[in-house]
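The values are calculated or read from the model by the stated rules, or taken from the named source; none is laboratory data. What you see is a predicted model; the values in this text were computed from it and never measured. All Cβ positions, glycine included, derive from the backbone under ideal geometry; neighbour counts span all protein chains shown. Each accessible area value is taken on the protein alone, full model and side chains, heavy atoms only, with ligands, DNA and RNA left out. Shrake-Rupley method; radii C 1.70, N 1.55, O 1.52, S 1.80 Å.
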Amino acid sequence: MNWIFDPWPWYISGPLIVLVMFALLITGKQFGMSSNLRTMCTMCGAGKAADFFRFDWKAQRWNLIVAIGTIIGGYIGANFLTKDAAVDLHPEVISKLQNQGFKSAGEAYLPNELFANTIFSDPSQLIFLIIGGLLVGFGARYAGGCTSGHAISGLSNLQIPSLIAVIGFFIGGLLMIHFIFPLIF
C-alpha cells in the first residue's frame with residue numbers, strides 16, 4: 001500500500017487524465033467543477049427566476065457525481081491516506097510565511113491561520129471569505145468556466161478561449177501572490 005501514500009509521477013497521472021478526457025470526448029461531455037453550481041441552482045428551481053438556469057440538469061448528473069466523489073476522495077485522502085501532514089517546503093519559504101503570520105507554515109497543507117473554524121467567529125475574516133467566494137464565483141462564470149474546466153477540458157479540445165483563460169489564470173495568480181498577498185498579510 002505504500003505506492004498510494006506517495007505522490008504519483010507525471011507519467012502515471014498524466015496518461016490517466018488523458019484517458020478520462022478521451023472518454024469524455026467520446027461521450028460528448030466536458031469536465032468542469034463550476035458548472036455544478038449552475039446545475040444545483042437549477043435543481044432548486046432557479047429556472048423560474050432566470051433563463052440562464054433553464055436547461056436539462058439531469059444531463060449533468062454525472063458531473064455532480066464527480067464533484068461528490070472529489071469531496072469524498074479528498075476526505076479519505078486527508079484522513080486515511082496521509083502519512084504525514086507536514087509539507088516539504090524550502091526553509092526560506094517557511095521563514096517568509098512565518099514572518100507574515102503563518103506560524104503553521106510547513107506543518108500542514110492548509111494553514112490554520114486561514115482554514116481553522118475560528119474564521120467563522122471573526123466578522124472581518126468572514127466578510128473576507130464571502131467576498132473572495134463571490135469573486136471566484138463571478139470570475140468562473142465570467143470566464144465561462146473554472147480552472148479545471150478550461151485547463152483540462154478546454155485545452156484538450158483545443159479551444160482558443162480556454163487558452164486565453166488559462167493564461168489569465170496564471171497572470172492573475174502571479175499578481176496575487178507577488179503583489180496583492182503581501183499587502184493583505
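In percent, what relative contact order does region 14-129 have, based on Cα pairs under 8 Å that are 6 or more apart in sequence? Relative contact order here is 13 percent.
Ranked by the mean number of other Cβ atoms within 10 Å per residue, highest first, peptides 7-14, 95-102, 43-50 order as 95-102, 43-50, 7-14. Rounded to the nearest 20, the Cβ-based charge dipole of region 1-109 about its Cα centre (Lys and Arg +1, Asp and Glu -1) stands at 560 debye. Against the chain, whose longest principal axis is taken from its Cα atoms, helix 10-27 shows a tilt of about 20°. Solvent-accessible surface of region 28-116, averaged per residue with a 1.4 angstrom probe and all protein chains in place: 70 square angstrom.
Ranked by the mean number of other Cβ atoms within 10 Å per residue, highest first, peptides 162-171, 17-26 order as 162-171, 17-26.
Its Cα centre serving as origin, the chain has a Cβ charge dipole (Lys and Arg +1, Asp and Glu -1) of approximately 720 debye.
Under the classification rounded if a/c is under 1.5, otherwise prolate if a/b is larger than b/c and oblate if not, where does region 1-124 fall, given a ≥ b ≥ c as square roots of the Cα gyration tensor eigenvalues?
On the way: a/c = 2.71, a/b = 1.41, b/c = 1.92.
Cα axes put region 1-124 in the oblate bin.
For region 1-71 versus region 87-162, the inter-centroid distance based on Cα atoms is 20 Å.
Angle of helix 123-142 to the longest C-alpha principal axis of the chain, folded into 0 to 90 degrees and rounded to 10: 40°. Using the Cα coordinates of region 115-185, the gyration tensor eigenvalues translate into equivalent-ellipsoid semi-axes of 29, 15, 9 Å, sorted from longest to shortest. Selection among Thr82, Thr27, Gly101 by position relative to the dipole of region 1-119 gives Thr27 as farthest towards the positive end (Cβ unit charges, Cα centre).
Using a cutoff of 8 angstrom between alpha carbon atoms and counting only pairs six or more residues apart, the relative contact order for region 50-185 works out to 12 percent.
The C-alpha atoms of the chain define a longest principal axis, and helix 61-80 lies at about 20 degrees to it.
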